[in-house]
1. Give Ser39, Ser47, Ser23 a once-over and let me know the one that is small (Gly, Ala, Ser), more than 30 Å from Ala211 (Cα to Cα), open to solvent by 40 Å² or more (accessible area, probe 1.4 Å) and in contact with a helix residue (DSSP H, G or I) (Cβ under 7 Å, 6 or more places away or on another chain).
2. Give, as residue ranges, the strands (runs of 3 or more DSSP E) completely inside region 26-143 that count at least 1 residues that are within 30 Å of Lys183 (Cα to Cα).
3. Exactly one condition in (1) at pLDDT 90 or above; (2) of a type outside the set (D, E, K, R); (3) under 18 Å from Ala60 (Cβ atoms) is not met by Asn77; state its number.
4. Across region 26-36, what is the total count of residues that are more than 21 Å from Thr76 (Cβ to Cβ) and in contact with a helix residue (DSSP H, G or I) (Cβ under 9 Å, 6 or more places away or on another chain)?
5. Out of curiosity, is Leu85 within 22 Å of Asp115 (Cβ to Cβ), hydrophobic (A, V, I, L, M, F, W, C) and loosely packed, with under 12 Cβ neighbours inside 10 Å?
Amino acid sequence: LHMDMTVDEYLYHCADIRLIPKSEIPVAVERAKIKCGISHFSKRVISNLSGGYQQRVGIAQSIIHDPLFVILDEPTNGLDPNQILEIRHLIREIAEERAVLISTHILPEVQAACDYIMMIEHGNMVFKGSIDNYMDPSVLLVIMHNAPMDDAEFMSIEGMERIERLTRTRFRLHFKGDNSIVKRVVEKAVNNNWHLREISLEKESLDKVFAKLSGKI
């Protein structure tokens with residue numbers, strides 16, 4: 001950003017270097033300002049704006065020429081929690097009309113804003129797929145009403161890898177394979193009169209998934 005310019009001066013300048021015909025620049029600038037919610041700051045010097053609104057100005061210049069593809073690098077870096085939510089919402093709105101690529105090392109941003117992920121570690125692609133595939137759960141949280149049974153009862157279920165005893169009647173079950181294991185656990189509970197009270201799928205944190213994919217754990 002050119003911090004000594006007003007919002008309008010900067011956006012007109014960006015529209016010009018994007019080779020937008022001069023007769024179309026006012027409409028392009030106004031459209032970008034409305035989209036990014038900065039019309040009321042048109043005459044404000046950029047250096048006097050908050051970090052969140054400076055980010056909005058930066059995003060406005062990136063879409064001023066109506067591209068089909070937008071690249072954003074660390075779009076929420078340095079913002080406060082409310083500003084982050086606002087920018088995420090803006091990014092999702094922009095993504096309804098065009099493809100958006102976000103480059104970031106802030107993993108919660110990936111989960112909040114992305115549908116598809118490409119993860120690169122030391123120049124190598126370690127994951128490529130949807131956010132659902134990336135966050136595919138591999139843990140069951142099981143709570144029983146009655147006294148706990150022997151671990152062997154759980155380990156006899158197909159796909160079970162290991163068991164964590166959280167309390168006397170709470171367990172965390174680690175499994176491999178698809179989520180059909182939920183059905184097998186429920187069937188086992190019914191057949192053995194375990195008085196199952198709760199069962200839920202847990203997802204590991206993005207940081208932990210990344211560490212696994214990059215070979216750190």
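The values are calculated or read from the model by the stated rules, or taken from the named source; none is laboratory data. Every value quoted in this text rests on a predicted model; they were computed, and no experiment measured them. Note that each Cβ is placed from the backbone with ideal geometry, even for glycine, and that neighbours are counted across all protein chains shown. Accessible surface areas use protein heavy atoms only, side chains included; no ligands, DNA or RNA. Shrake-Rupley method; radii C 1.70, N 1.55, O 1.52, S 1.80 Å.
1. None of the other options fit; the residue is Ser39.
2. Per the criteria, 116-121, 124-130.
3. (1)
4. 5
5. no
Condition check ((1) over 30 Å from Ile84 (Cβ atoms); (2) among the basic types (Lys, Arg); (3) under 29 Å from the mean Cα position of the chain (by Cα); (4) at pLDDT 80 or above) across all residues:
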site: Tyr116; (1), (2), (3), (4): no, no, yes, yes
site: Val126; (1), (2), (3), (4): no, no, yes, yes
site: Ser138; (1), (2), (3), (4): no, no, yes, no
site: Asn146; (1), (2), (3), (4): yes, no, no, no
site: Asp151; (1), (2), (3), (4): yes, no, no, no
site: Leu201; (1), (2), (3), (4): no, no, yes, no
site: Phe210; (1), (2), (3), (4): no, no, yes, no
